[in-house]
Amino acid sequence: MEKQVYDIVSMRFWDWLAIIMLLLVLITVAVIVKSKQKGKEDFFLAGRSMNIMLVLCSMFAGLFSTITFVSVPGEAYQHGLMFFTINIGMIFFIPLAIWLFLRFFFLTETFTAYEYLERRYNLPVRLTGAFFYVLVRLFYAGIVFYSGSKVFESLLGWHPLVTILGIGFFTIIYTATGGMKAIIINDTIQCFIIIIGIIAIFSKLISLSDTSVFQIYNYARDNGHTFGGLLKAEFYQLRFYDRYNFWLFMYSVITIPLVSLSADQSIVQKLLSSKGYGGAKKAVFLNSIISIPIVGMLWFVGIALFYYYNNIKTIDTSVITSDKILGYFINTELPTPLPGLITAALLAALMSTIDSTVNCIANVSYIDGFVRLGFNKKKYFKREMLVCRSISILAGITSVIIAVFLHLGGKGIVSSIYEISALWTGLWGVLFVAFFLGVLVPRVAGMPILIGLIVGGITSLVLPFFLYYNIPVENRICFSWVTVPGCIVALILALVLSYFWPNKKNLDNLTLWTLKKKVTKKSSVCEMSRTGQ
């Protein structure tokens, strides 16, 4: 097999024009929106006035980061479509997540998910939940910046620091300028760019392969790259060393929707920016349904690449690894201005992830921290919008600094970037326990859940070093299981300690068993009617 060279994209005039036009549109939207902002509700929640379709598009864009755009085709190319079953399976648990959690965020004038934790438990639990969120999301934003910089380095030849600092500070500027309304509008624009990019790659692959979608799928099926694993008995066995099995599938499809609609402020905040509870529910349902064919197309790109480079062209797989396969195809097969369009889509995927993350971190820091603790009553704390924007800028700069440190940390970080990300996601499960017990178990009180959160959080951060990183690669269990013990510790501690410190506060409208009011479908906040009336 002849060795081929992995060249970077040669950007031409029309390619650069596509990128420049995207950046100009994003900053223009931010400047226009800024002139209409009057307070924190406009800045963080877009005045609770966003159309359902815009919220839907923003949620969809938030599913994509540059990592997703590249890693999903790489996963399908290397291993097939089995992980796509998670995207399909989650649809069946979305109604459960809505029924359990979403209404509680609309029963009062809520800005953050963690306000519920104070109403249900106490202030320390709210502050702990907010701290967990800020910690996880700051590090996540840094990882997205860093990983995106590695993608653009291999694709365009950009130095990682150029991407981190350049794109980072541009995203910070328009996020701090326009707030959530600009973010949702820009996410909608970015959503369509991402979809156009996927369609462009998909169509070109079909054209170059000179075959049908069905033939590509049949070839992938015959080579173990589709869903054949579902028919194997070993798929249903509980084995902690398997890369993927039925039990990991069930764990993922249940926990991802439940965590997203409870503990993740990045999702909750966009839903709170809609015009009402009914619109928020529709946005969640439509997003889960519409994302299937679009994300499915991205997965299919992977098996189309598998077909193309096994039947039409041959490549040296020691040079072109699965993570580089999409970039290689863009470099060698797409004519101008498609590389520029794809680059714009990748930039859109990167920025749509970062902008909402930075805004939500600022929202949680301001509402759950500064305002709740009374700092906004100080004499020097009168200019609310200036403070909100300053916190957004600080959150963005912190994530950029984290990305720079990751870059300067050495080459070894590249092979473990997903593992490092997964290390911090264990805190999501621990935080989810507080919401889960909050709505389902009235007996659980503030002190037991606080102890559970702290001990469970420490467990989630420390245990991976003993169960994963210090274990030889061939002896490691699947990392998805390493994050589970922290959740179990938090759950058991909270339940056991509640027998010694049972809840004594009034829980009206704070649990499923004590609901006395309901949110009307058209209400945004506080417009409630008696159940049964």
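Collect the residues in the range 29-74 that are open to solvent by 30 Å² or more (accessible area, probe 1.4 Å), modelled with pLDDT of 75 or more and touching a Phe, Trp or Tyr at 6+ places or on another chain (Cβ under 9 Å), keeping them in residue-number order. Once the filter is applied, which keeps residues that are open to solvent by 30 Å² or more (accessible area, probe 1.4 Å), modelled with pLDDT of 75 or more and touching a Phe, Trp or Tyr at 6+ places or on another chain (Cβ under 9 Å), the range 29-74 yields Val31, Ser71. For the range 451-496: of the residues being in a loop (DSSP other than H, G, I, E, B) and in contact (Cβ under 8 Å) with a residue 40 or more places away in the chain, which is surrounded by the most Cβ atoms within 10 Å (Cβ to Cβ)? Once the filter is applied, the top-ranked residue is Thr483.
The condition of being among the β-branched types (Val, Ile, Thr), within 28 Å of Val484 (Cβ to Cβ), buried (at least 23 other Cβ atoms within 10 Å of the Cβ) and touching a Leu at 6+ places or on another chain (Cβ under 8 Å) holds for only one of Val295, Val268, that being Val268. So which residues in the range 93-116 are of a type in the set (A, V, I, L, M, F, W, C) and in contact with a strand residue (DSSP E or B) (Cβ under 7 Å, 6 or more places away or on another chain)? Within the range 93-116, Phe106, Leu107 qualify.
Only helices (runs of 4 or more DSSP H) wholly contained in the range 71-158 count here; list those with 1 or more residues that are among the hydroxyl-bearing types (Ser, Thr, Tyr) and touching a Pro at 6+ places or on another chain (Cβ under 8 Å).
On the way: elements: 84-89, 94-101, 114-120, 123-156.
In the range 71-158, the matching helices (runs of 4 or more DSSP H) lie at 123-156.
In the range 146-162, the residues that are farther than 11 Å from Leu346 by Cβ reach residues that are open to solvent by 50 Å² or more (accessible area, probe 1.4 Å) and of a type in the set (Val, Ile, Thr) with C-beta atoms within less than 6 angstrom, at least six apart or across chains, in these pairs: Gly157/Ile8. Helices (runs of 4 or more DSSP H) fully within the range 182-298 that include at least 1 residues being charged (D, E, K, R) and under 28 Å from Ile354 (Cα atoms): 265-272. The set of residues in the range 153-183 that are modelled with pLDDT of 80 or more and either under 19 Å from Met385 (Cα atoms) or surrounded by 24 or more Cβ atoms within 10 Å (Cβ to Cβ) (or both) comprises Thr163, Ile164, Gly168, Thr171, Ile172, Ile173.
Of Ile199, Ile194, Ile216, all but one fail to be out of contact with any Cys (no Cβ under 7 Å at 6 or more places or on another chain), β-branched (Val, Ile, Thr), at pLDDT 85 or above and open to solvent by less than 30 Å² (accessible area, probe 1.4 Å); the exception is Ile216. Filtered by the rule that a residue be surrounded by 12 or more Cβ atoms within 10 Å (Cβ to Cβ) and hydroxyl-bearing (Ser, Thr, Tyr), the range 204-213 gives Ser209, Thr211. Are there any pairs with C-beta distances below 6 angstrom linking a residue in the range 279-292 that is surrounded by fewer than 18 Cβ atoms within 10 Å (Cβ to Cβ) to a residue that is assigned to a helix (DSSP H, G or I) and at pLDDT below 85, with the two at least 6 apart or on different chains, and if so which? What qualifies is Lys282/Ile52; Leu286/Leu56. Scanning the range 108-129 for residues that are open to solvent by less than 10 Å² (accessible area, probe 1.4 Å) and either within 26 Å of Val284 (Cα to Cα) or modelled with pLDDT under 85 (or both) gives Thr110, Thr112, Ala113, Tyr114, Tyr116, Leu117, Arg120, Gly129. Quick check: anything in the range 367-388 closer than 20 Å to Ser147 by Cα and either modelled with pLDDT of 75 or more or under 28 Å from the mean Cα position of the chain (by Cα) (or both)? No, the range 367-388 has no match at all. Can you pull out every residue in the range 221-255 that is open to solvent by 70 Å² or more (accessible area, probe 1.4 Å) and in contact (Cβ under 8 Å) with a residue 40 or more places away in the chain? Within the range 221-255, Asn223, Phe240, Tyr241, Arg243 qualify. So for the range 416-425 (the condition being surrounded by 21 or more Cβ atoms within 10 Å (Cβ to Cβ) and either modelled with pLDDT of 85 or more or assigned to a helix (DSSP H, G or I) (or both)), does at least one residue qualify? Among the residues of the range 416-425, at least one is surrounded by 21 or more Cβ atoms within 10 Å (Cβ to Cβ) and either modelled with pLDDT of 85 or more or assigned to a helix (DSSP H, G or I) (or both), which makes the answer yes.
The values are calculated or read from the model by the stated rules, or taken from the named source; none is laboratory data. Computed from a prediction, not measured in an experiment: that's the story for all the values here. For neighbour counting, all protein chains shown are included, and Cβ atoms are generated from backbone atoms with ideal geometry for every residue, glycine included. Side chains are part of the model used for accessible areas, which takes the heavy atoms of the whole protein and leaves out ligands, DNA and RNA. Shrake-Rupley method; radii C 1.70, N 1.55, O 1.52, S 1.80 Å.
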